[in-house]
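The values are calculated or read from the model by the stated rules, or taken from the named source; none is laboratory data. No experiment lies behind these values; they were computed from the predicted model shown. Glycine gets a Cβ as well: all are built from the backbone with ideal geometry, and neighbour counts include every protein chain shown. Please note that ligands, DNA and RNA were not included when accessible areas were found on the heavy atoms of the full protein model with its side chains. Shrake-Rupley method; radii C 1.70, N 1.55, O 1.52, S 1.80 Å.
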Amino acid sequence: MQVGLKVWRFNSRSGERELQEYEISAPEEATLLDCLDIVKDQHDGTLAYRKSCRMMICGSCGMRMDGAAVLACKTRMYDIAQAGHLPVISAMGNLPIVKDLVVDMEPFWEKFRSVDPYLQPGYEEPPDGKEYRIGQARMNVIHKEALCINCGCCVSECNSMEADPMFLGPQALAKAMRFVGDPRDGNKIARLEKLNGEHGIWECTRCYMCNERCPKGVDPRDAIAKLGAESMYEGIDRDMGAKHAKWFVVSAKTTGWLRETELVPKTQGVISAIKQTRFALDLALKGKVPPPFPPHVAKDVKESRRLYELTTQSGPKGYMGIVQGEHALGRLAHGHTGEETLAEIYARPGAFTRPFIAGEELEAPVFLEKPPER
């Protein structure tokens with residue numbers, strides 16, 4: 001197939017930037033990385049980019065295609081070529097460019113190292129030197145975070161890092177959650193205290209771009225939410241972000257409305273709110289300030305209060321509450337509505353074969369249609 005590419009070439013020494021177009025012939029199964037290899041081997045040996053495993057494991061070949069971060073070895077080119085589209089390939093964002101598609105990863109690794117990405121001592125060791133085994137329920141807490149391959153695609157698209165380069169970023173915080181949620185780690189509270197500092201958890205703007213662009217399903221924004229939930233559960237709630245979240249809950253529970261005019265004094269304090277009076281008046285003159293009090297208590301506020309009572313009294317706390325929600329959403333995404341057993345789901349026409357798990361009690365086969373008589 002014929003594939004066209006537009007590649008942003010960049011030389012950090014001269015500062016020159018140029019969009020260069022290539023037309024190549026590639027096999028139908030080619031990925032973006034395969035196409036770049038063909039360009040380098042047959043057309044332009046000066047093109048610079050990173051690669052290693054070519055199997056979506058090492059994370060080396062992160063770059064942007066049409067302004068969105070991708071793994072080059074994962075991105076198939078057949079449909080793009082058939083549509084006649086010429087994608088624009090460029091280096092990842094939020095990191096200094098060294099040359100062409102190669103970025104300087106040192107700021108990335110510096111933040112990664114800052115969250116101490118290794119188990120800390122202090123946990124109770126099993127007797128007789130036995131292996132410390134973790135049950136599946138506890139492993140579910142950090143399963144997604146453990147999938148991270150450090151490719152940097154989430155960092156490339158992070159709006160908070162674009163506004164504040166000092167923000168720890170989605171990758172570092174996802175890795176931090178991997179150890180905060182590990183029962184073998186003996187330093188959870190100290191980790192959470194550190195992560196609640198300046199440029200930490202609460203600086204995330206919740207744009208979810210990191211979730212959208214992660215090629216491995218790590219969902220870094222969900223990891224940040226887990227860290228925030230666990231921090232508040234452990235009483236680490238001094239940050240304005242935590243106070244902001246707590247007021248949302250109180251406001252919804254009491255009146256069913258988000259009482260925005262009370263948000264600043266409840267979050268930043270009365271003195272800070274007074275200092276911002278002139279700014280508030282300017283907003284009011286332009287019609288940007290909501291009524292000082294909600295018009296009435298919401299009609300179904302009792303349902304909101306009941307939901308709050310159920311989650312606080314019987315629901316799991318901290319990150320376990322979010323993990324429970326992830327598990328439920330995962331079952332729905334798989335097509336499990338609660339009316340079918342897993343055996344029935346795997347027995348659907350065209351369904352994947354059910355995996356064998358050692359030690360799992362096998363269910364009797366389920367037939368959606370009556371089997372033929374022998």
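Some observations on this one:
- Spin-label model distance (nm) - Arg305 vs Arg13, 7 Å beyond Cα toward Cβ: 7.2 nm
- The chain: C-alpha gyration tensor shape, a/c 1.5 cut-off, then a/b vs b/c: oblate
- Excluding ligands, DNA and RNA, the accessible surface per residue across the range 28-110 is 47 Å² with a 1.4 Å probe.
- Once exposed loop GluC sites (Glu not before Pro) are cut out (DSSP; at most 16 other Cβ, 10 Å), longest piece of the chain: 235-338
- Other residues whose C-beta falls under 13 angstrom from the C-beta of Asn11 contribute a net charge of +1, scoring Lys and Arg +1 and Asp and Glu -1.
- Relative to its residue count, the range 17-107 spans a Cα convex hull of 104 Å³ per residue.
- Pairwise FRET efficiency - Arg238 versus Ala280, Cβ, R0 = 25 Å, nearest 0.05: 0.50
- Pairs of Cα atoms nearer than 8 Å and 6+ residues apart set the relative contact order; for the range 64-142 it is 19 percent.
- Counting Lys and Arg as +1 and Asp and Glu as -1 over every other residue whose Cβ lies under 11 Å from the Cβ of Leu33, the net charge comes to +4.
- If R0 is taken as 51 Å, the Cβ-Cβ distance between Glu23 and Asp164 corresponds to a FRET efficiency of 0.80.
- Solvent-accessible heavy-atom area per residue, rounded to whole Å², over the range 135-214 at 1.4 Å: 40 Å²
- Amide H partners (placed H, <5 Å) of Arg9, local residues excluded: Glu18, Leu19, Gln20
- For the pair Ala68 and Gln324 in one chain, pulling the backbone fully straight at 0.36 nm per residue adds 89.1 nm over the alpha carbon distance.
- Dividing the mean sequence gap of close Cα pairs (under 8 Å, 6+ apart) by how many residues the chain holds gives a relative contact order of 11 percent.
- Gain on full stretching of the segment that runs from Ala347 to Glu193 - 0.36 nm per residue minus C-alpha separation: 50.6 nm
- The range 119-163: mean projected area of Cα convex hull, nm²: 5.4 nm²
- Percent carbon-and-sulfur accessible area, the chain, ignoring ligands, DNA and RNA, probe 1.4 Å: 55 percent
- Mean separation of Cα pairs under 8 Å and 6 or more residues apart, divided by the residue count, gives the range 92-195 a relative contact order of 38 percent.
- Segment Asp41-Thr312, extension gain: residue separation times 0.36 nm, minus the distance between their alpha carbons: 91.5 nm
- The range 227-267, accessible area per residue, ligands and nucleic acids excluded (1.4 Å, Å²): 51 Å²
- Computed from the C-beta positions of Asp104 and Glu125 and an R0 of 35 Å, the FRET efficiency is 0.30 to the nearest 0.05.
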